[in-house]
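So the structure is just underneath, and the comments pick up after that.
Any read-out appearing in this document is the output of simple, stated calculations on the displayed coordinates, not a laboratory observation. These numbers were taken from a predicted model, which means no experiment stands behind them. Positions of Cβ are backbone-derived with ideal geometry, glycine not excepted, and every protein chain shown enters the neighbour counts.
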Amino acid sequence: MGFADILAALCLHGVHGVTRLKASATYAFTWLCSFLLYVVKHKGTKLESITCDVKTLTKIPLHTTFIVQEKLESFEDLARAVTWTFALGGHVVSVYDSKGNLKKDLARLRTAIVLQQEKLFGAAGPAVQVATLQDAEGFDALNKTGELFLVLVLSPEDGRQHIVETAVGVCKAVLQNRVKMEDINIDLIDRKLTATLTEPSLAIVFGGLQCSLGYPPWHLRVTEIHFLPVLRKLVYQDLYTVFQKYASCQQRLGT
Amino acid sequence: MGDNTSSWFRNVCCRVLRTGVVPKHVAIIMDGNRRFAKKMHYGKAFQGHVLGFEKLKETLQWCLDLGVTEVTVYAFSIENFKRSKEEVDGLMELTKQKIAYLLEESDVIAKHQVRVRALGDLRRLPDDVLQFIAKGVNYTKNNARAFLNVCYAYTSRHEMTEAIKEMVTGAQDGLLYPSDISEDLIEQCLYTGDSPPPDLVVRTSGEVRLSDFLLWQSTYSHLCFQDVLWPEFSVWHFFSAVLSYQHSFASIQEARREDRERRDKQQYESDLRSVLDQWQGINVPEASLLEQMVKEHAERRGQRQRAFVECMRTRRVQFLEQLCPAS
């Protein structure tokens with residue numbers, strides 16, 4: 001590498017660094033404004049305010065998924081995000097933890113979510129079930145009644161490995177003549193993979209990395225994917241903005 | 001003079017980017033052709049697709065100049081067959097024209113020794129288009145320096161389902177056991193079985209979804225959604241995507257490493273279960289014997305999987321070769 005290359009490298013990375021710094025400064029300023037507006041407008045996020053916001057949304061995702069990259073010391077921020085999502089009209093929230101730590105601490109997560117639910121909805125609010133995919137089998141997966149909020153906790157074992165297990169099951173069924181070869185199609189595989197975990201309409205990836213990190217791939221077919229910074233920086237306005245973008249998106253489905 | 005300065009600056013930026021990590025495999029959802037045609041008041045969406053193809057040629061050159069050795073593009077989805085007959089016929093005709101161009105005039109393909117592959121349920125295509133595709137693929141089959149994978153009549157769910165059907169057929173034919181099915185084997189059975197997973201996935205037009213494209217393969221890819229219509233995609237948009245990939249590289253590599261560890265552990269546990277299922281004795285074998293049995297089982301499994309994959313790949317290659325008359 002010559003001197004000119006080094007100088008150009010420094011300039012380009014410097015320009016990009018300044019651009020990122022400017023973006024960070026803009027983000028920080030926007031965050032500060034959002035925070036001040038949030039304090040002034042909401043004085044703490046109340047259910048009545050969120051209910052007003054719901055009326056501005058032309059469509060709401062039935063199932064939202066959060067993809068979490070960082071190791072969480074406290075579950076309070078995640079529990080708040082889940083509760084806000086329910087208040088915005090969602091019925092199912094799945095939380096995918098790329099390191100699998102949430103499943104190991106399910107009871108603590110459940111406690112944190114129930115606490116936030118009670119803070120926002122009051123003691124008489126809808127019940128919330130927090131479960132792994134295996135424990136949730138048999139639940140009303142689509143939660144059509146809306147009387148129950150469902151939180152599904154996922155890890156990498158629920159991703160590609162689940163497709164492997166489904167393939168092994170189908171293979172054995174064919175060898176045992178319980179299923180015909182010609183019956184293996186997308187609908188059959190889809191029924192098996194989405195029996196408990198439905199396709200999320202909206203995915204929010206927290207933590208800065210623009211990557212799904214092993215999230216069940218079959219389920220991301222037409223999911224709207226948004227990226228937000230780490231959970232501890234999340235304010236309600238960020239989540240509401242994503243919901244607004246979701247409401248304005250158009251899905252042409254290839255046509 | 002303006003063009004020379006701009007070209008010089010672009011070359012400098014390219015050289016600077018090459019000092020960092022360059023994605024080896026870039027996948028692109030080339031979205032926005034029809035909206036571009038509407039924006040420019042062309043009257044017909046087809047003109048947008050023509051310009052979209054020109055943009056693909058340009059982008060391929062940028063990729064090769066940067067050192068990207070594999071590019072996968074989403075050219076035509078199975079869902080696109082639902083479009084109007086006029087548009088679908090137009091796209092099929094455009095495909096034939098561009099393959100003819102590829103066979104006769106493309107200096108990019110020849111200079112960079114690019115091998116073109118067609119990935120998808122090609123049997124859905126009209127015979128005349130399929131013959132052109134077969135010619136294009138066979139024409140470049142001996143190139144090996146770079147790869148252009150064109151996903152045609154493709155959706156990812158269809159691809160995964162076909163991979164499962166291949167493995168089930170393999171089990172029916174006695175080439176595989178059900179317990180041989182694994183993440184690694186599924187990957188080899190996908191249409192992209194010869195390719196590494198994409199490092200960077202770019203989608204243009206501002207849409208923020210994958211739309212049934214490389215869902216399995218992109219689980220550890222850097223996703224870059226850009227708010228620009230495909231025919232307006234510039235080298236600066238491309239460089240920006242690469243820069244953002246470079247900033248995420250270390251973290252994604254770490255995540256991939258953890259995933260590899262999980263898969264290896266999963267595979268070991270599967271092999272152990274298979275050995276214990278077959279064990280006839282009353283007591284579990286002692287540790288060192290068990291380890292040896294697991295190792296031998298893994299070797300036999302590997303041999304079955306390799307033989308099965310070889311057979312499947314040969315069949316897929318022969319499917320296109322037989323469509324080309326001997327020259």
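Can you sort A:55, B:24 from fewest to most other Cβ atoms within 10 Å of each residue's own Cβ? Write out the running numbers ahead of the final one.
Working: A:55 7, B:24 15.
With the fewest neighbours first, A:55, B:24 line up as A:55, B:24.
Helix-derived [θ] at 222 nm for chain B: sum -39500 (n - 2.57) over DSSP H runs of at least 4, divide by residue count, nearest 500? Intermediate values should be presented prior to the final figure.
Details: 10 runs with 186 residues, N = 327.
Result for chain B: -19500 deg cm²/dmol, rounded to the nearest 500.
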Worksheet item: Once amide H atoms are built 1.01 Å from N in the peptide plane, which residues 5 or more positions from residue B:28, or in another chain, come under 5 Å H to H?
Response: B:72, B:73, B:74, B:202
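Over 30 Å apart: what share of the alpha carbon pairs of the protein assembly as shown falls there, rounded to a whole percent? Each step should come with its number before you reach the end.
On the way: 97317 of 169071 pairs.
So the pairs more than 30 Å apart make up 58 percent of the total in the protein assembly as shown.
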Discussion item. On C-alpha positions alone, give me the angle between the axis of helix B:85-104 and the longest principal axis of chain B, in degrees, nearest 10.
Written reply: 90
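Taking 30 Å as R0, compute the FRET efficiency from the Cβ-Cβ separation of residue B:315 and residue B:111 and round it to 0.05. Please report the intermediate quantities before stating the final value.
On the way: r = 32 Å, r/R0 = 1.07.
Here the calculated transfer efficiency is 0.40.
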Discussion item. Using amide H atoms built in the peptide plane, which far-off residues or other-chain residues are under 5 Å from residue B:117 H to H?
Written reply: B:148, B:149, B:150
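For A:118, B:166, B:104, what's the fewest-to-most ordering of other Cβ within 10 Å of each Cβ?
Working: A:118 14, B:166 23, B:104 8.
The order, fewest Cβ neighbours first, is B:104, A:118, B:166.
Where a ≥ b ≥ c are the square roots of the eigenvalues of the C-alpha gyration tensor, would you call segment B:142-239 rounded, which needs a/c under 1.5, or, failing that, prolate if a/b is larger than b/c, or oblate?
On the way: a/c = 2.74, a/b = 2.15, b/c = 1.27.
It is prolate, given that a/c is not under 1.5 and a/b is the larger ratio.
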Worksheet item: From the backbone phi of segment A:208-219, what are the Karplus-calculated ³J(HN,Hα) couplings (6.51 cos²θ - 1.76 cosθ + 1.60, θ = phi - 60°) in whole Hz, Gly and Pro given as x?
Response: x, 7, 8, 7, 8, 6, x, 4, x, x, 4, 7
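Would you please classify the overall shape of segment B:72-195 from the alpha carbon gyration tensor, given that a ≥ b ≥ c denote the square roots of the eigenvalues, rounded means a/c under 1.5, and beyond that prolate means a/b larger than b/c while oblate covers the rest? Don't jump to the answer; show the numbers that get you there.
Working: a/c = 2.52, a/b = 1.45, b/c = 1.73.
The shape class here is oblate.
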Worksheet, complete the sentence: Here the relative contact order (percent) of chain B, from C-alpha pairs under 8 Å and at least 6 apart, is 22
Item to complete: Could you go through segment A:88-96 in sequence order and give the Karplus-derived ³J(HN,Hα) for each residue, using 6.51 cos²θ - 1.76 cosθ + 1.60 with θ = phi - 60°, rounded to whole Hz, and x for Gly and Pro?
Response: 7, x, x, 10, 10, 10, 10, 10, 9
Practice prompt. Rank these for me by crowding, B:235, B:202, going from fewest to most other beta carbons within 10 Å.
Written response: B:235, B:202
Worksheet, complete the sentence: The helix B:235-278 Cα axis meets the longest alpha-carbon principal axis of chain B at an angle in degrees, between 0 and 90 and rounded to 10, of 20
Discussion item. Rounded to two decimals, what is the ratio between the C-alpha radius of gyration of chain B and 2.2 N^0.38 Å?
Written reply: 1.14
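Of A:46/A:71; B:82/B:141; B:265/B:295, which pairs sit farther than 21 Å apart, going by alpha carbon to alpha carbon? It would help to have the intermediate numbers written out before the result.
On the way: A:46/A:71 28 Å; B:82/B:141 32 Å; B:265/B:295 14 Å.
As for pairs spanning more than 21 Å Cα to Cα, those are A:46/A:71; B:82/B:141.
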Worksheet item: Considering amide H positions built from the backbone, and no H for Pro or chain starts, which residues 5 or more places from residue B:229, or on another chain, come under 5 Å of its amide H?
Response: B:205
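If the chain between residue B:85 and residue B:6 were fully stretched, how many nm would it gain, using 0.36 nm times the residue separation less the Cα-Cα distance? Don't jump to the answer; show the numbers that get you there.
Numbers: separation 79, 0.36 × 79 = 28.44 nm, distance 4.20 nm.
Between residue B:85 and residue B:6, full extension yields an extra 24.2 nm.
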Worksheet entry | Separation of the residue B:307 and residue B:277 label points, Cα + 7 Å toward Cβ, nm | 1.9
Worksheet item: Taking the Cβ-Cβ separation of residue A:107 and residue B:123 as r and a Förster radius of 60 Å, what is the calculated FRET efficiency to the nearest 0.05?
Response: 0.70
Worksheet entry | Within straight-line cross-link reach of residue B:135, aspartates and glutamates at Cα separation under 13 Å, skipping those fewer than 8 residues along the same chain | B:104, B:127, B:321
Worksheet, complete the sentence: In order over segment B:175-182: 3J(HN,Hα) from phi, Karplus 6.51/-1.76/1.60, θ = phi - 60°, whole Hz, x for each Gly or Pro, gives 7, 9, 9, x, 6, 6, 5, 8
